[in-house]
1. Between the helical axis of 585-595 and the dominant principal axis of the chain, each derived from Cα atoms, what acute angle in degrees is found, rounded to the nearest 10?
2. With no solvent and one point per C-alpha, what does the Debye sum give as log10 I(q)/I(0) for region 131-276 at q = 0.09, 0.10 Å⁻¹?
3. Rounded to the nearest Å, what's the spacing between the alpha carbon centres of region 203-240 and region 536-582? Just the number, please.
4. Against the longest principal axis of the chain, how steep is helix 163-173, in degrees 0 to 90 to the nearest 10, with axes from Cα atoms?
5. What FRET efficiency comes out for ILE62 versus THR103 if R0 is 25 angstrom and r is the Cβ-Cβ distance? Round to the nearest 0.05.
6. In debye to the nearest 20, how big a dipole does the chain give about its Cα centre with +1 on each Lys and Arg Cβ and -1 on each Asp and Glu Cβ?
7. How large is log10 of I(q)/I(0) for region 463-561 at q = 0.22 Å⁻¹ when the intensity is taken from the Debye formula with one equal scatterer per alpha-carbon?
8. Can you give the net charge of the other residues whose Cβ lies under 13 Å from the Cβ of ILE479, counting K and R as +1 and D and E as -1?
Amino acid sequence: MSRVGWRLWSAVLAFVVFMIDVLTPLEGAVAVLYVVAILLAARTNRRNDIIVAAGGCSTLTIVAFLLSHDLEAFTSPTLRALMSLAAIGITTLLVLQNHASTTRLAAQARLLNLSHDMIFVRDRGGIITFWNNTAEQTYGWSVDEALGQLADRLLRTSYPDRREAIEASLLDTGRWEGRVQQRTKAGAVLTVDARWALQYDHLGKPGAVLETHTDVTDRVAAHNALVQSEHRYRRMFDASRIGVVEEDWSELRAALDSLRIEGLDLRDHLTKNPDFVAHARRLARITDVNPAMQKMAGASGSAAFIENVHRLLGDHDRSFVDALVAFAKGQQFHEGETELVRLDGRKVPVLFTITFPPDPDGDHNVLVFVVDITERRHAQDALLAAQAELAHAARVATLGELSASIAHEVNQPLAAIVTSGEAGLRWLRRDVPDLKEVATTIGHVVAQGRRASEIVTRIRTFLKKAPPQQDMLEIGEVIEEATALVARELAKDDVALTVEAQQGLPPVRGDRIQLQQVLVNLLVNAGQAMSGRPGSRTVTLRAGILDSETLAITVQDSGPGINPDDLPRLFDPFFTRKEGGMGMGLAICRTTVEAHGGQLSVTSTPGSGAIFHLTLPHSKQHTLP
Ligand code: ADP
């Protein structure tokens, strides 16, 4: 009921009592009922209402007495009126007192509402009698929903111990603290720190229980995550096959800070002050090492390490200076390679990564990850040995190729010598020997012999790794010499050779004999391809400028051409389709041309001959306009 309602009922009752008092012969006895009107007014919880009601009722008592009785001497109605006034007075006092204590309690309850903790009061039976704002917000039940409920059932609280034992301890000491789990109205599980206090009445009997609960769900979750992370780290630390060393570099930072002089080149300073570096190595304290690291260093436990890194690094270690510079520069990672000295004095090659914490407060947690690279070193050594063997084998193979090429290259002048010799003999054996022709053929023999000797010399130079000749060559002259050398051979096979060379071609830089050999090879191959075949046998050698940097020479024949299947292998050493052939000619040609900075390729239409394309860079100094 509202305040106005209570006031109205109080006034109505007072009026009814007054009327009964005045109109009936009860003579003041009924006036005691004014007490009820005061109690009704007290329900408004307003001090003023109580005082007004008390004043009103007293006035009505006196008025009724005066209306019914004169001011007589001390009669019994007078006494009854006085008794009524006394009852009104006493009731008013009690009600005011009660009001004051209720106001005080309400103020205290408002204070409890300010708390960030969930606070509720329950009686010994567990029924909730007070429920603060935070409890409303966190648990989700309003005051009206919570009051009168069984706390444990409402919150579905689960305790770390038996409930009876907890209650017994509460009765025993008057307090209980512990961590419990509760559920909100929405069903969420909360972890809360509970603090209970038992209230005693004035007789010392246990009464209500004040339960204060702090929600620690997030804190516990964060803590659990931290614990899990620590476990994970431990597992990695212990199970990793990579060596891990935990170090404390805080003293090292202080030592480096004391060095900080403007413009100091730290690396230079450290190189010049090995004593400081040795001191610094002792300042880098080891706080823990994992089992993999213990194994790597030949230690039986981590205790053997708990000292500093000085012992682990050899006398000639350079990596620590680099690490110090990286640390001083504020880098977060540093990688390096060094040799670790095992406890038995043996050295182990290792790769390491240091992680420095980003802020100086973390300097006590520098982590060094170490990988033993002994096996990798072995593998590297084995690889180097294998490479050396391979190179040796390749050289042996090259020598084989070279012997083959000597045989191939010398074969052609030898054949020419034999041809010229036979011709000379024929001229001699005539009835009248033609000495002029004999002299010419002997001249050919001598020229081819010289050529063979020059070829051998060139190949020997090549074997000795002497650089090839780098002469300025008129390519027209080289072509002339080459064609002269093969002229007889081609003529023997009825092959017509045509040379179409542009006038004034720029010179090329290179080795005259080698380039001659290339052209001789291509021309001889062309002749051999057409030998014994019906139809016209022609070879055309063309030379001209391809672009501002390159000369192009082509050798085209009218032979059978090249089988497309053979094209990819044509320039491979030992590829031949000739009986008794060696398959070295084209391989040597290509190598020679490439050594001169040019290229050699072939195009062919089977049945219509082959065209070998040769390009050579010409000397820029002499480039024609
Ligand atoms: P060889 O002359 O000892 O066989 P080459 O390396 O000079 O070695 O030639 C390899 C092969 O290329 C020859 O066996 C031949 O079948 C083919 N060949 C070279 N030139 C021509 C050409 N002008 N026409 C057709 N085939 C050719």
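1. Its long axis makes an angle of about 60 degrees.
2. -0.56, -0.61
3. The two parts, judged by their Cα centres, are 87 Å apart.
4. Helix 163-173 sits at roughly 60 degrees to that axis.
5. Details: r = 30 Å, r/R0 = 1.21.
Rounded to the nearest 0.05, the efficiency is 0.25.
6. On the way: 64 positive and 73 negative charges, 127 e Å.
Its charge dipole is roughly 620 debye.
7. -1.10
8. Details: positive: ARG512, ARG542; negative: GLU474, GLU477, GLU480, GLU481, GLU500.
Once positives and negatives cancel, what remains is -3.
The values are calculated or read from the model by the stated rules, or taken from the named source; none is laboratory data. None of the values given here were measured: they were computed from a predicted structure. Positions of Cβ are backbone-derived with ideal geometry, glycine not excepted, and every protein chain shown enters the neighbour counts. To get the accessible areas, we keep the full protein, side chains included, count just its heavy atoms, and leave off ligands, DNA and RNA. Shrake-Rupley method; radii C 1.70, N 1.55, O 1.52, S 1.80 Å.
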